[in-house]
Amino acid sequence: MSTAWWQTAVIYQIYPRSFQDSGGDGVGDLQGIIDRLDYLNDGGENRASLGVDAIWISPFYPSPMVDHGYDVADYCDVDPIFGNLETFDRLLAAAHARGLKVIIDFVPNHTSDRHPWFVDSRSGRASAKREWYIWADPAPGGGPPNNWGSFFGGPAWTFDAATGQYYLHQFVKEQPELNWRHPEVREAMFDVIRFWLDRGVDGFRVDVIHLILKDPELRDNPPHPHVNVDALHPNDVKGRTLPLYTEDLDEVHPLLRAMRSVFDEYDDRVLIGELWGSLERWARYYGSDLDEVHLPFNFRLMDEPWETAADVRAQIEAMEAAVPPGGWPNYVLGNHDRSRPATRFGLRGRAAAMMLLTLRGTPTLYYADELGMEDVPIPPEKIQDPQARGLGAGRSRDVARTPMQWDASPHAGFSTVEPWLPVEAGWRVRNVAVQLEDPRSYLALFRRLLSLRRASPALNRGTYASLGNHPDVFAYRRQAGEERMIILLNFGKEGQVFSAGKGVGWLLLSTGLDREGPVSLDRVWLRPYEGVIITPDR
Ligand code: TEU
């Protein structure tokens, strides 16, 4: 089987506001990313390099930043806070010189309300761009056209007094939704994709691809049959309903095939889709002929609660069974919308990291998760996230968006001034410089895992098979040709003796980074929460 670069790659997500500030304004920027590329991949043998293969940069386009860049005012430029197109071209060249691929974000569902298209659209009902967005008359008797709600709280409709109609927005009201049923919208947006692919980017992560079409009749979503309305935030209109007419419509698949064909005009580019849905619905986004997205983001390990090894094994096996023949899995443990994995997994965090980097499929690693960064409590007056304004401080995503911690200097080496979000209190000990010196740090574990994965076809492209059904130890084998790797992850609080076969194997790596050497495969001792990688072949 021939392997595409994005199958064996490890993707590193950069939230550009928080990676490195080079301009001294407390917000990260593209030059900052250039300055830190050697940390990610120096293209050589430098031991300080993490060794990831691709970066995905969250939006850096001109934006009023109401949703921190997911409200795009111009798809073909760079916000001055991040640099300009020339900085972007230098970033791309510098990354490529190191063999590092660059994936950027595409936000097709909505623009900013400052985008010239929307300014035109709302200028009058006769505007040539009126139908580029989703406008509707008030309901008979007044009020929003239907019961659709916003992910960020409140109704998904805002009234425009000047033209007497409502426009749709399933996020903040400053994110009006494009009408993808309009052929001119499709063509304009496909040209945006070409603009960046022509520039040399290696692919896109596409925001909420399951939302881009909605019911043309604007029917009410049905009430949610199971939700406890009293437990919802009073403003959570959306949570009271099932998104039958707003998400995952069947017609989205032909549209994604058309989008994919734009990528196929170029060599070797990757299309990654962000979407949520049941396993069966999710798997359809590969396309019936693998002709939609290359990688539909798989958030199951991030979103599903898991307490035991049995839970995780069930998740992985169900996912492996759902992926269509020839489709390639992927795994995400953390991103800019969710609580940090080190916080969610606690003592199981290192074993979870080992799992992410040894399962079959492309892993996406969120910046600073390699430091074991935890959620950072944000004082109420410093909260930035619009989701917190709509649904309460408990829903703030800021906790996972704080500045990268490079060293023990003020502001953790991220900036020379106070950053846009506070640096975690423990930055003097939890930072790249300290962890590079500590052979047992989280960062040391990630570097070892990445280098093992890179060198091992079994790990980076091999087959997957579960081993046994132990309640606390999640065990599996990866294999490519003659090479085999056995991964044992003890998610339980007790030590375990696990039988992984016969004969003698070689323990290559423990999550404690404190042992290696021969082991009897029929009696592998695992400490509480310990994960190990063993090769039976040495
Ligand atoms: O997120 C999509 C999404 O569904 C979010 O509602 C997410 O699940 C929620 O915020 C979690 O608390 C994407 C982006 O990743 C997110 O940052 C944007 O705010 C959103 O789209 C709108 O573009």
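Within region 34-70, how many residues turn out to be open to solvent by 20 Å² or more (accessible area, probe 1.4 Å), hydrophobic (A, V, I, L, M, F, W, C) and within 24 Å of ASP113 (Cβ to Cβ)?
Qualifying residue count, region 34-70: 2.
Does PRO403 satisfy the condition of being in contact with a Gly (Cβ under 9 Å, 6 or more places away or on another chain) and part of a loop (DSSP other than H, G, I, E, B)?
The answer is yes for PRO403.
Yes/no matrix, rows are residues, columns are (1) in a strand (DSSP E or B); (2) open to solvent by 30 Å² or more (accessible area, probe 1.4 Å):
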residue	(1), (2)
ARG454	no, yes
ASN469	no, yes
TRP506	yes, yes
LEU509	yes, no
ILE533	yes, no
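Return a yes/no flag: does region 123-132 have any residue that is farther than 16 Å from CYS76 by Cα, free of Cβ contacts under 8 Å to residues at least 12 places away in the same chain and touching a Ser or Thr at 6+ places or on another chain (Cβ under 7 Å).
Yes: region 123-132 contains one or more residues that are farther than 16 Å from CYS76 by Cα, free of Cβ contacts under 8 Å to residues at least 12 places away in the same chain and touching a Ser or Thr at 6+ places or on another chain (Cβ under 7 Å).
Give all pairs with beta carbons closer than 8 Å in which a residue from region 519-538 that is closer than 10 Å to ILE486 by Cβ meets a residue that is open to solvent by 70 Å² or more (accessible area, probe 1.4 Å) and of a type in the set (Gly, Ala, Ser); count only pairs at least 6 apart in sequence or on separate chains.
LEU521/SER499; VAL524/SER499
Looking at region 78-137, which of its residues are small (Gly, Ala, Ser), more than 16 Å from the ligand (Cβ to nearest atom) and either within 26 Å of PRO176 (Cβ to Cβ) or not in a loop (DSSP other than H, G, I, E, B) (or both)?
Across region 78-137, the qualifying residues are ALA93, ALA94, ALA95, ALA97, SER121, SER123, GLY124, ALA126, SER127, ALA128, ALA136.
Looking only at residues in region 6-44 that are part of a loop (DSSP other than H, G, I, E, B) and hydrophobic (A, V, I, L, M, F, W, C), which one is nearest to LEU421 (Cα to Cα)?
My answer is VAL27.
Condition check: among the charged types (D, E, K, R), part of a strand (DSSP E or B) and either open to solvent by 40 Å² or more (accessible area, probe 1.4 Å) or within 16 Å of ALA351 (Cβ to Cβ) (or both). Does ARG477 satisfy that?
Considered against the rule, which asks whether it is among the charged types (D, E, K, R), part of a strand (DSSP E or B) and either open to solvent by 40 Å² or more (accessible area, probe 1.4 Å) or within 16 Å of ALA351 (Cβ to Cβ) (or both), ARG477 comes out as yes.
Among the listed residues GLN13, GLN20, GLN31, identify the single one that is of a type outside the set (Lys, Arg), surrounded by fewer than 21 Cβ atoms within 10 Å (Cβ to Cβ) and touching a residue at least 12 places away in the same chain (Cβ under 8 Å).
GLN31
Among the residues of region 117-160, which ones are open to solvent by less than 50 Å² (accessible area, probe 1.4 Å), among the charged types (D, E, K, R) and closer than 30 Å to PRO234 by Cβ?
Scanning region 117-160 gives a single hit, ASP160.
In this structure, does VAL172 turn out to be open to solvent by 10 Å² or more (accessible area, probe 1.4 Å), without any contact (Cβ under 8 Å) to a residue 24 or more places away in the chain and either out of contact with any Asp or Glu (no Cβ under 7 Å at 6 or more places or on another chain) or in a loop (DSSP other than H, G, I, E, B) (or both)?
Against the criterion (open to solvent by 10 Å² or more (accessible area, probe 1.4 Å), without any contact (Cβ under 8 Å) to a residue 24 or more places away in the chain and either out of contact with any Asp or Glu (no Cβ under 7 Å at 6 or more places or on another chain) or in a loop (DSSP other than H, G, I, E, B) (or both)), VAL172 does not qualify.
Applying the selection to region 349-364, what residues are more than 16 Å from the ligand (Cβ to nearest atom) and not in a helix (DSSP H, G or I)?
Passing the criteria: LEU357, THR358, LEU359, ARG360, GLY361, THR362, PRO363.
Within region 331-348, can one find any residue that is within 16 Å of the ligand (Cβ to nearest atom), assigned to a strand (DSSP E or B) and in contact (Cβ under 8 Å) with a residue 24 or more places away in the chain?
Yes.
Which of the residues that make up region 202-236 are part of a loop (DSSP other than H, G, I, E, B), within 14 Å of the ligand (Cβ to nearest atom), open to solvent by less than 50 Å² (accessible area, probe 1.4 Å) and on the phi < 0 side of the Ramachandran plot?
Across region 202-236, the qualifying residues are ASP207, ILE212, ASP236.
The values are calculated or read from the model by the stated rules, or taken from the named source; none is laboratory data. All figures in this text were calculated on a predicted structure; none of them were measured in a lab. Here Cβ is always computed from backbone atoms with ideal geometry, including for glycine, and neighbour counts include all displayed protein chains. For the accessible areas, the whole protein counts, side chains as well, though only heavy atoms, and no ligand, DNA or RNA atoms are used. Shrake-Rupley method; radii C 1.70, N 1.55, O 1.52, S 1.80 Å.
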